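Data block below; observations after.
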Amino acid sequence: MITSQIPTLHYFNGRGRAETSRVLFVVAGVEFNDVKNPFDNAEIKQRATYKQLPYLIDGDFEISQSIAIENYIANKYNLAGDSLVDRTRILSIAQASYDISIPIFTNDTDEKKALYKNETLPRFLSAWEKILTENGGKHFVGSKLSAADVSAYTTLENLYSKNYKEVVDKYPTLTNFKSTFEAIPSISDYLSKRPKDLFF
Ligand SMILES: N[C@@H](CCC(=O)N[C@@H](CS)C(=O)NCC(=O)O)C(=O)O
């Protein structure tokens with residue numbers, strides 16, 4: 001385990017529930033220890049609140065639960081919204097992100113996969129297309145980059161990498177958002193250096 005003044009994010013060797021937090025650090029321009037634990041790493045799981053990852057250690061502060069970690073990073077680095085309404089909208093996008101992403105990994109029958117592809121995913125993506133379009137097409141919430149954009153980006157990336165690109169590409173504003181986000185210099189640098197051997 002790394003003891004450091006810079007924040008340490010513990011997760012497995014995958015994007016999963018940690019990638020939004022990682023990209024938040026990148027967007028904020030904050031150096032962090034990106035610890036990709038092997039699955040059998042007992043030490044950090046024992047220390048983690050619920051014996052699960054991700055687990056963030058930032059100085060004296062330690063916290064579990066991916067959305068709480070994201071919210072902490074977003075608040076600390078001014079990516080969490082400037083008003084109560086914006087902060088709440090950003091959290092709503094974060095929770096929708098997990099509603100979209102988790103079934104990608106848990107759907108275990110052809111019936112569930114078809115329902116996901118033909119009903120669940122279009123329901124969520126058409127809602128996001130509407131939210132993004134009505135907000136001007138550039139940012140999901142407010143007029144500047146926020147944690148909502150990061151959550152949405154990592155979710156769209158999950159969908160692209162798990163064979164749902166053709167579904168996403170039916171939504172032009174989302175597709176354009178994804179490529180615009182990837183062109184942000186810090187993001188394109190991060191993506192080019194990110195290991196290619198991630199498990200998920
Ligand atoms: N609600 C938690 C779920 C955490 C979770 O399920 N983590 C998984 C990895 S994605 C884990 O640690 N699995 C190993 C285990 O439970 O032993 C969160 O979002 O952080």
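The values are calculated or read from the model by the stated rules, or taken from the named source; none is laboratory data. Computed from a prediction, not measured in an experiment: that's the story for all the values here. Heads up, the Cβs are rebuilt from the backbone with ideal geometry, glycines too, and the neighbour counts pull from every protein chain shown. Surface areas here come from the heavy atoms of the whole protein model, side chains and all, with no ligands, DNA or RNA. Shrake-Rupley method; radii C 1.70, N 1.55, O 1.52, S 1.80 Å.
Do you know which residues across the range 16-28 are among the charged types (D, E, K, R) and either more than 10 Å from the ligand (Cβ to nearest atom) or at positive phi (or both)? Of everything in the range 16-28, those that are among the charged types (D, E, K, R) and either more than 10 Å from the ligand (Cβ to nearest atom) or at positive phi (or both) turn out to be Glu19, Arg22. Of all the numbered requirements in (1) open to solvent by 70 Å² or more (accessible area, probe 1.4 Å); (2) within 21 Å of Ile69 (Cα to Cα); (3) assigned to a loop (DSSP other than H, G, I, E, B), Asp99 misses one, and that requirement is (3).
Each residue in the range 153-170 was checked for being more than 27 Å from Pro38 (Cα to Cα) and out of contact with any Pro (no Cβ under 9 Å at 6 or more places or on another chain), and 5 pass.
Taking the conditions (1) in a loop (DSSP other than H, G, I, E, B); (2) open to solvent by less than 20 Å² (accessible area, probe 1.4 Å); (3) away from the ligand (no atom under 11 Å from the Cβ) in turn, Glu31 satisfies each one other than (2).
Please specify each residue of the range 166-182 satisfying the condition of being within 17 Å of the chain's Cα centre (by Cα) and over 15 Å from Glu19 (Cβ atoms). Hits for the range 166-182 are Val168, Leu174, Thr175, Phe177, Ser179, Thr180.
The residues on offer are Ile44, Ile93, Ile69, and the sole one that is more than 20 Å from Leu159 (Cβ to Cβ) and modelled with pLDDT of 95 or more is Ile69. Scanning the range 79-89 turns up one or more residues that are β-branched (Val, Ile, Thr) and closer than 23 Å to Phe124 by Cα. Selection of the range 68-86 for residues being closer than 20 Å to Asp58 by Cβ and either surrounded by fewer than 21 Cβ atoms within 10 Å (Cβ to Cβ) or away from the ligand (no atom under 14 Å from the Cβ) (or both) yields Ala68, Tyr72, Ala74, Asn75, Lys76, Tyr77, Asn78, Leu79, Ala80.
Do we have any residue at all in the range 111-127 that's surrounded by fewer than 16 Cβ atoms within 10 Å (Cβ to Cβ), part of a loop (DSSP other than H, G, I, E, B) and of a type in the set (Ser, Thr, Tyr)? Looking for residues that are surrounded by fewer than 16 Cβ atoms within 10 Å (Cβ to Cβ), part of a loop (DSSP other than H, G, I, E, B) and of a type in the set (Ser, Thr, Tyr), one finds none in the range 111-127, hence no.
Can you say whether Thr106 is on the phi < 0 side of the Ramachandran plot and within 20 Å of the chain's Cα centre (by Cα), as far as the supplied structure shows? Yes; evaluated as a whole, the condition is true for this residue.
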